[in-house]
Amino acid sequence: MGLSLVGTLLLTGVTIFSVFCASSTGNSSVRVVAGIDLNHGDIAGYLSDELGLLTDLALFHINSNRFCGVVPSSFKKLKLLFELDLSNNRFVGGFPKVVLALPSLKFLDLRFNDFEGGVPSQIFDKDLDALFLNDNKF
């Protein structure tokens, strides 16, 4: 079974939030959350540690919102995460080293946040197709 859109939420007549589901890699009869797209939602808040429970998540796009705080360490459980777009938010702290533990990651966008400090050299050893880090305090 392929990827299917299971829900959209229309707000302010323009913004569409989407949740995509697919068959579990471990059991094809089980449907799991495989993708979340909350781009351009003007959503404020923190990322919950419980997001790490979505272990079948392959796509997580939350760009152009007002999310703040740090990237939860529970993201290390997202072994299938392929695309992570946290750009244009208000995240803080050091480089989110939890992304180094994501074996399937191919696309990482951290632009336009308030991350600071150094960028670990290990990020350049990952087999990424795209890496965006500009407009932080690195």
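The values are calculated or read from the model by the stated rules, or taken from the named source; none is laboratory data. Here the structure is a predicted model, which means the values were calculated and not measured. In this analysis, Cβ positions are derived from the backbone assuming ideal geometry, glycine residues included, and neighbour counts consider all displayed protein chains. Calculation scope for accessible area: heavy atoms of the full protein, side chains included, ligands and nucleic acids excluded. Shrake-Rupley method; radii C 1.70, N 1.55, O 1.52, S 1.80 Å.
Listed conditions (1) open to solvent by 30 Å² or more (accessible area, probe 1.4 Å); (2) of a type in the set (S, T, N, Q); (3) assigned to a helix (DSSP H, G or I) are all met by ASN134, apart from (3). Scanning the range 99-110 for residues that are part of a loop (DSSP other than H, G, I, E, B) and under 13 Å from the mean Cα position of the chain (by Cα) gives LEU102, SER104, LEU105, LYS106, LEU110. Applying the condition of being closer than 19 Å to ASP114 by Cβ and part of a strand (DSSP E or B) to the range 76-98 and asking which residue is most open to solvent (accessible area, probe 1.4 Å) yields ARG90. Just one of the listed residues (SER121, SER73) is within 14 Å of the chain's Cα centre (by Cα), surrounded by fewer than 14 Cβ atoms within 10 Å (Cβ to Cβ) and over 19 Å from ASP37 (Cα atoms), namely SER73. All conditions but one from (1) outside any strand (DSSP E or B); (2) at pLDDT 55 or above apply to MET1; the one that does not is (2). Please go through the range 53-70 and give me each residue that is among the aliphatic types (A, V, I, L, M), open to solvent by less than 30 Å² (accessible area, probe 1.4 Å) and touching a helix residue (DSSP H, G or I) at 6+ places or on another chain (Cβ under 9 Å), ordered by number. Of everything in the range 53-70, just one residue is among the aliphatic types (A, V, I, L, M), open to solvent by less than 30 Å² (accessible area, probe 1.4 Å) and touching a helix residue (DSSP H, G or I) at 6+ places or on another chain (Cβ under 9 Å), namely LEU57. The set of residues from the range 99-118 being surrounded by 15 or more Cβ atoms within 10 Å (Cβ to Cβ) and in contact with a Gly (Cβ under 8 Å, 6 or more places away or on another chain) comprises just one member, PHE115.
Residues in the range 111-124 that are over 20 Å from LYS77 (Cα atoms) and not in a loop (DSSP other than H, G, I, E, B): 5 in all.
Cβ-Cβ below 7 Å, separation at least six or inter-chain, first residue in the range 31-60 and under 23 Å from PHE112 (Cβ atoms), second of a type in the set (Lys, Arg) and open to solvent by 40 Å² or more (accessible area, probe 1.4 Å): which pairs? These pairs meet every condition: ASP42/ARG66; ILE43/ARG66; ALA44/ARG66. Among the residues of the range 38-52, those that are open to solvent by 40 Å² or more (accessible area, probe 1.4 Å) and part of a strand (DSSP E or B) comprise ALA44, TYR46.
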